[in-house]
Amino acid sequence: MSIFTVIGLGLLAMVVILRFKVPIGAAILAGGAVMWALWNPSIPSLGSAVTEMLSQSRTYDLLFALYFVMCLEIQLRKSGTLRGMVDSLNEIFSSTKVTLATMPAFLGLLPSMGGARFSAPIVDEASRGMTISRESKASINFWFRHVCEFMSPIIPGMILGCAVANISVSDLVVHLAWMAVVAFLAGWFVLIRPLRFTDRRMKREHTPESRRRHIREISLAIGPVLVNVILMLVFDVSAGLAMGIVTVLMIPVLYLMKRPVPVRDVFVGALDWKLLVNVTCILYFISVLTEAGILDEMIRAFQSTDLPTPVVIAAVSTVVGILTGMSQGHAAIVMPIVAGIAPGDLNLAGIVMVFGVAGQMITPTHVCLMVTVDYFKSDFFKTLAPIVLLEAIILTIFSVVTYLMW
């Protein structure tokens, strides 16, 4: 049986099972089981997949990062910090729509898998009292959270991909920065502009006292994100550890600001077992694909075709993005092909990143999509529909520009 048939049947199984409202983690495992059974039904490979998953530092980094992201979200929400920041932004900007788009985009600079769980409460808070559907909120949060994937020098997939392909991070960032603008504008016209509601915001005169209040509220909310970025970028601290440090530091900070949150509420309230189990299922799914040889076989199948190299790279990146749901996936798997074919080629490297991101944006294996749908309690398919449209738009624009500039 063809590897493409195997992958197609596995993805079909995921979609069908999700239609029955089965938890995403279980649906992904079921799809993985179909691929495993059709391709390499070896019982030892299931055990080695467990070993491989448990031996990967990314497993613990992701789980701890998600846990501490939820801890920090509880701190900021229960202390009134999120509310204060949103109110300040509502007074500064002339439109709620600007807040809805810019805040997830800014927080997208935070290189943490599942970080959409952090921006989701801000989108929810900014749109409180307005007639915006759960699916619209979820799509907005998920899309704008990732518009900086093409230009952030601290996204793990960007760093890994450049290292493998022997390309300077700054060179690739400059090469793809325009795509972040395209993604933001596309999201604005598809997700934000069609929103219809009565804006509750009024233009206000800003006094020195109100300016100081705005600075204080925004700094208190954004500060933890910036500290997190500094810890990871400057001091090379892992995402899980950085988030843990920030969470602990926020305890005395909130106390000094007279906004204390009970420690028990923070660390016990963040134990979302359903979310953590679903994430573990995703990680195990990726390990099963690796141990069963499905990913390797897929790459070999693409390499043996007579299609043009850019088309092959684009197709492989998209499929790997769909299967792994993370930037490190297509960077680690496809960038070595680019390094072997044309080391240092910015055009091919750009194709890997853009099409890989497209794949990870339309798959249930993407942790951010999972946690966003879980937070807003939105319908998975209605949330994903506009994302698919947006990816079709930006991939078309990217492909045309790349072809003309090659």
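Just so you know, all these numbers are worked out from the coordinates, no wet-lab data involved. For clarity, every value in this text was computed on a predicted model and none was experimentally measured. For neighbour counting, all protein chains shown are included, and Cβ atoms are generated from backbone atoms with ideal geometry for every residue, glycine included.
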Q: Compute the long axis of helix 294-303 from its Cα atoms, compare it with the longest principal axis of the Cα atoms of the chain, and write down the angle in degrees, 0 to 90, nearest 10.
A: 70
Q) Using Cα atoms only, what is the angle between the long axis of helix 116-126 and the major principal axis of the chain, expressed in degrees (0 to 90) to the nearest 10? A) 40
Q.
As an exercise, take the mean of 1/r over every pair of distinct alpha carbons in segment 304-394, invert it, and state the Kirkwood radius in angstroms.
A. 13.7
Q. Where does helix 327-341 land angle-wise versus the long Cα axis of the chain, in degrees 0 to 90, nearest 10?
A. 40
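Past the 26 Å Cα-Cα mark, which pairs from 97/274; 258/377; 78/137?
Numbers: 97/274 32 Å; 258/377 33 Å; 78/137 21 Å.
Violating the 26 Å limit, Cα to Cα: 97/274; 258/377.
Please state the relative contact order of the chain as a whole percent: Cα pairs under 8 Å, 6+ residues apart?
Values: 560 pairs, mean separation 106.6, N = 406.
Result for the chain is 26 percent.
Give, rounded to the nearest 20 debye, the magnitude of the charge dipole that the chain has about its Cα centre when Lys and Arg contribute +1 at Cβ and Asp and Glu contribute -1 at Cβ.
For this selection, approximately 1740 debye.
Note down the magnitude of the dipole of segment 152-308 about its Cα centre, charges +1 on Lys and Arg C-beta and -1 on Asp and Glu C-beta and zero elsewhere, to the nearest 20 debye.
Values: 15 positive and 12 negative charges, 273 e Å.
Computed charge dipole of segment 152-308: roughly 1320 debye.
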Q. Which whole-angstrom value gives the distance between the alpha carbon centres of segment 49-98 and segment 277-350?
A. 28
Q: Quickly rank 166-172, 221-227, 399-405, 320-326 as a protection proxy: mean count of other C-beta atoms within 10 Å, highest first.
A: 320-326, 221-227, 166-172, 399-405
Q) Per-residue HN-Hα couplings for segment 309-321, Karplus 6.51 cos²θ - 1.76 cosθ + 1.60 at θ = phi - 60°, whole Hz, x for Gly and Pro? A) 3, x, 5, 4, 4, 4, 5, 4, 4, 5, 5, 5, x
Q) Where does the Debye-calculated log10 I(q)/I(0) of segment 30-173 sit at q = 0.15, 0.16, 0.21 Å⁻¹, using only Cα point scatterers of equal weight, no solvent? A) -0.93, -0.99, -1.22
**Q.** Of 375, 346, 17, farthest towards positive along the dipole that unit charges on Lys, Arg, Asp, Glu beta carbons give the chain
**A.** 375
Q) When only C-alpha pairs under 8 Å and at least 6 residues apart count, what is the relative contact order of segment 159-264, in percent? A) 11
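Which of the three applies to segment 173-253, rounded, prolate or oblate, going by the alpha-carbon gyration tensor with a ≥ b ≥ c and a/c under 1.5 meaning rounded?
Details: a/c = 2.34, a/b = 1.17, b/c = 1.99.
The shape class here is oblate.
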(Q) If you take every residue apart from residue 385 with its C-beta less than 12 Å away from the C-beta of residue 385, what net charge results, scoring Lys and Arg +1 and Asp and Glu -1? (A) -2
Q.
Treating segment 42-90 as a set of equal point scatterers at the Cα positions, no solvent, please give the Debye-formula log₁₀ I(q)/I(0) at q = 0.19, 0.23, 0.24, 0.30 Å⁻¹.
A. -0.70, -0.82, -0.85, -0.97
**Q.** Cα-based shape type of the chain, given that a ≥ b ≥ c are square roots of the gyration tensor eigenvalues and the cut on a/c is 1.5
**A.** prolate
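If packing is taken as the mean number of other Cβ atoms within 10 Å per residue, what is the order of 17-30, 68-81, 48-61, highest first? The partial results should precede the final answer.
Details: 17-30: 18.0, 68-81: 22.4, 48-61: 15.1.
The densest-packed peptide leads the list: 68-81, 17-30, 48-61.
Go ahead and estimate [θ] at 222 nm for the chain from helices alone: -39,500 (n - 2.57) per DSSP H run with n ≥ 4, summed, over the residue count, rounded to 500. List each step's numbers first, then the result.
Values: 20 runs with 306 residues, N = 406.
The helix contribution divided over the chain gives -25000 deg cm²/dmol.
Find the relative contact order for segment 324-393 and round it to a whole percent, using C-alpha pairs within less than 8 Å whose residues are 6+ positions apart. Before the final figure, lay out each step's value.
Details: 47 pairs, mean separation 24.6, N = 70.
For segment 324-393, the relative contact order is 35 percent.
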Q: State the answer as a single residue: which of 146, 366, 131 lies farthest towards the positive end of the charge dipole of the chain, with beta carbon charges of +1 for Lys and Arg and -1 for Asp and Glu, about the Cα centre.
A: 131
